[in-house]
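Working notes, structure below.
The values are calculated or read from the model by the stated rules, or taken from the named source; none is laboratory data. For clarity, every value in this text was computed on a predicted model and none was experimentally measured. We place every Cβ from the backbone using ideal geometry, glycine too, and count neighbours over all the protein chains shown. For the accessible areas, the whole protein counts, side chains as well, though only heavy atoms, and no ligand, DNA or RNA atoms are used. Shrake-Rupley method; radii C 1.70, N 1.55, O 1.52, S 1.80 Å.
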Amino acid sequence: MAQRTTRRPLIGVTAGTRAMMSGAWAGHDAVVVTEHYVRAIRDAGARPVIIAPQDEWTDEEIAELDGLVLTGGTDLDPATWGESALVTDMTPDPERDAFETALYRGARRTGVPVLGICRGLQIIVIAEGGELHRHLPVDVPSHPATGEQPTRVEVGIEAASDLAVALGTRAEVTAFHHQGVRAVAGDLRVVARHDSGLPLAVEAASGSTVLAVQWHPEIDGADGAQVFESLLTAIEHRAATASGPALV
């Protein structure tokens, strides 16, 4: 008898590009995403699909994914929301910004659950019409300097949130960010903050599932695994709802 197989959820994982520094292909761009994301998604029981910036995906193509993870990286291009560059900005990647923003909006239209991580949270906030602090901790002096190296910080989490189901109402997480949320807009609500007041997580208030965190759960061990599990839970819920019996 042939063995039955179970299809694992397909999770799109965004990547950037970076010039290779040595070897025969030195100077050529490589598609880059840290292996931590891949491992975390596989450990959660899903199949990661690496997506590099390219021509825009159609809604039909995005709908073939079961979930989307917007990963970390450099600062966003301030021209996207009508601001000028600052000397403190990291070198932006406008092509990646535009591609990930389009992916996010397509996922929202098609109901594909989204998890945003660090830069991914900022993509989501700007896509929804929000604002960013451009230079931490100068903009928020009581916030720790998390832009120099991965830094452990404590976060308070709103009890009535999907994030609290995963982590409880207080957690210690690993942050590594130079910019952060100043204001949210659109369909987003803040569900976690640092004691400085800086928002550290947002969720969608309605519609398809969106969870975004201003830290790096992919390197946070068991606690981080719970964040990825929350994405799988959203995927399972969506599948169960779609396949449920008609009520009329």
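Looking at this structure, is GLU218 farther than 14 Å from PRO144 by Cβ and not in a strand (DSSP E or B)? Taking the combined requirement at face value, the residue satisfies it.
If I filter segment 48-76 down to residues being over 17 Å from the mean Cα position of the chain (by Cα) and among the charged types (D, E, K, R), which single residue comes out as farthest from ALA239 (Cα to Cα)? Write out each step before concluding.
As a first pass, look at segment 48-76 and keep what is over 17 Å from the mean Cα position of the chain (by Cα): 54-61, 63-64.
Of the ones still in play, those that are also among the charged types (D, E, K, R) are 55-56, 59-61, 64.
Working: ASP55: 28, GLU56: 25, ASP59: 18, GLU60: 17, GLU61: 17, GLU64: 13 Å.
By that ranking, first place goes to ASP55.
Within segment 39-57, one or more residues are farther than 18 Å from HIS216 by Cβ, open to solvent by less than 60 Å² (accessible area, probe 1.4 Å) and without any contact (Cβ under 8 Å) to a residue 40 or more places away in the chain.
When restricted to residues that are touching a Pro at 6+ places or on another chain (Cβ under 9 Å) and surrounded by fewer than 21 Cβ atoms within 10 Å (Cβ to Cβ), segment 208-229 contains 5. When every residue of segment 94-112 is checked against the conditions, at least one turns out to be more than 26 Å from ASP66 (Cβ to Cβ) and either open to solvent by 20 Å² or more (accessible area, probe 1.4 Å) or more than 13 Å from the chain's Cα centre (by Cα) (or both).
Kindly indicate the residue of segment 83-93 that is of a type in the set (S, T, N, Q) and in contact (Cβ under 8 Å) with a residue 12 or more places away in the chain and also least open to solvent (accessible area, probe 1.4 Å) among those meeting that condition. Spell out the reasoning first.
Just the residues of segment 83-93 that are of a type in the set (S, T, N, Q), to begin with: 84, 88, 91.
Restricting the remaining residues to those that are in contact (Cβ under 8 Å) with a residue 12 or more places away in the chain gives 88, 91.
Working: THR88: 50, THR91: 113 Å².
Only one residue tops the list, namely THR88.
Within the set THR151, THR174, THR169, THR209, the sole residue that is under 13 Å from the mean Cα position of the chain (by Cα) and at pLDDT 95 or above turns out to be THR209. Taking the condition open to solvent by 50 Å² or more (accessible area, probe 1.4 Å), under 19 Å from PHE228 (Cα atoms) and in contact with an Asp or Glu (Cβ under 9 Å, 6 or more places away or on another chain), does ARG119 pass? Criteria not met by ARG119. Looking across segment 122-142, just one residue is touching a Pro at 6+ places or on another chain (Cβ under 9 Å), open to solvent by less than 10 Å² (accessible area, probe 1.4 Å) and either basic (Lys, Arg) or part of a helix (DSSP H, G or I) (or both), and that is VAL125.
Taking the conditions exactly as written (within 16 Å of ALA98 (Cβ to Cβ) and open to solvent by 20 Å² or more (accessible area, probe 1.4 Å)), does ALA79 satisfy them or not? Break it down into steps so the answer makes sense when it comes.
Numbers: within 16 Å of ALA98 (Cβ to Cβ): yes; open to solvent by 20 Å² or more (accessible area, probe 1.4 Å): yes.
Criteria met by ALA79.
Let's see how each residue does on (1) under 19 Å from GLN214 (Cβ atoms); (2) free of Cβ contacts under 8 Å to residues at least 40 places away in the same chain:
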position: ALA30; (1), (2): no, yes
position: VAL69; (1), (2): yes, no
position: TRP81; (1), (2): yes, no
position: GLU95; (1), (2): no, no
position: GLY106; (1), (2): no, no
position: VAL112; (1), (2): no, no
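Apart from one condition, LEU115 fits all of (1) in a helix (DSSP H, G or I); (2) modelled with pLDDT of 95 or more; the exception is (1).
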